[in-house]
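Everything on this sheet refers to the single structure shown next.
The values are calculated or read from the model by the stated rules, or taken from the named source; none is laboratory data. As the structure is a computational prediction, the values presented were derived from the model and not from experiment. Here Cβ is always computed from backbone atoms with ideal geometry, including for glycine, and neighbour counts include all displayed protein chains. Accessible surface areas use protein heavy atoms only, side chains included; no ligands, DNA or RNA. Shrake-Rupley method; radii C 1.70, N 1.55, O 1.52, S 1.80 Å.
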Protein chains: 2
Amino acid sequence: MDKSTLAREVTQLHAEICSALADPRRILMLYTLHECSRNVGDLAVEIGISQPATSRHLKILKQRGLVSATRKGASVEYALIDERLIQALDLLRAVLYDRLTQRANLVEEAANYTEW
Amino acid sequence: MDKSTLAREVTQLHAEICSALADPRRILMLYTLHECSRNVGDLAVEIGISQPATSRHLKILKQRGLVSATRKGASVEYALIDERLIQALDLLRAVLYDRLTQRANLVEEAANYTEW
DNA sequence: TAACTTTATTCGCATAACCGAATATATTGA
DNA sequence: TCAATATATTCGGTTATGCGAATAAAGTTA
């Protein structure tokens with residue numbers, strides 16, 4: 001594998017990590033697991049989705065190396081792998097907030113905007 | 001709109017930003033635009049994809065508020081909106097590198113692994 | 001206006017992602 | 001082993017995303 005092929009592979013993996021983040025439930029899961037590790041059932045209740053859906057989302061996060069899974073008796077405890085995932089999410093959220101704030105200011109300034 | 005509805009909306013937008021990052025070409029575009037702003041044609045050459053594909057990817061990045069577009073005569077110059085997007089991408093790439101390095105070390109340590 | 005350059009969009013299609021429902025697997029404890 | 005609990009997977013169908021090819025639209029210059 002030559003250098004540019006390697007770079008392409010890494011960028012592909014980079015995109016796969018991002019696509020693991022590209023779902024609101026999975027983002028909530030990561031923030032929730034950042035508080036503390038949890039098993040599937042508790043996480044399902046916390047996020048408000050079904051057990052199979054929770055399990056499938058966790059599988060995706062695990063495949064991409066974002067969470068770890070440890071069996072604890074009958075249940076499986078999932079944990080956030082790396083604090084930097086939260087840092088990255090926070091940065092993106094900050095960009096988002098700036099965008100919303102900016103838009104809100106425009107609305108204030110121009111009262112003829114009735115919806116946005 | 002109540003508080004939890006708002007939170008859900010924001011998380012949805014958060015996920016939409018992440019999904020804008022969930023493609024290797026778009027990641028390359030953001031890193032490329034971080035060097036300097038470019039028009040569509042130059043970016044297409046740099047990334048190595050067609051002009052229509054480039055335009056479509058840029059449309060997605062623009063819709064999600066990640067790049068800006070400024071017409072400069074016949075061409076349109078695209079620019080990165082926010083440095084923090086690169087910081088976020090770098091953090092995710094660092095997590096990825098750690099994962100790859102860790103895996104490589106395991107391979108070194110256990111010579112009976114022939115593929116990974 | 002006509003020819004040219006640059007960018008954006010549409011169309012038809014293929015693939016990937018996601019869901020609910022049902023079911024399978026794993027673990028514990030009686 | 002059997003019942004109960006916890007987790008994971010499969011199935012079928014829907015929606016979202018991506019592409020190339022063709023075409024439209026916008027801007028420039030003669």
Of the residues in the stretch A:91-108, those that are in contact with a helix residue (DSSP H, G or I) (Cβ under 9 Å, 6 or more places away or on another chain) and either hydrophobic (A, V, I, L, M, F, W, C) or more than 9 Å from every other protein chain (Cβ to nearest Cβ) (or both) number 6
Considering the stretch B:1-47, residues that are over 20 Å from residue A:16 (Cα atoms) and among the small types (Gly, Ala, Ser), and then whichever is farthest from the other protein chains (Cβ to nearest Cβ), we arrive at B:41
Note on the stretch A:19-43: residues open to solvent by less than 50 Å² (accessible area, probe 1.4 Å), without any contact (Cβ under 8 Å) to a residue 24 or more places away in the chain and of a type in the set (A, V, I, L, M, F, W, C) are A:22
Query - Boolean, residue A:56 is within 13 Å of DNA strand D (Cβ to nearest atom) and part of a helix (DSSP H, G or I) - result: yes
Do we have residue B:88 as within 14 Å of chain A (Cβ to nearest Cβ), open to solvent by less than 60 Å² (accessible area, probe 1.4 Å) and over 15 Å from residue B:25 (Cα atoms) here?
yes
Within the stretch B:5-18, does at least one residue satisfy the condition of being open to solvent by less than 70 Å² (accessible area, probe 1.4 Å), within 11 Å of DNA strand C (Cβ to nearest atom) and touching a residue at least 12 places away in the same chain (Cβ under 8 Å)? no
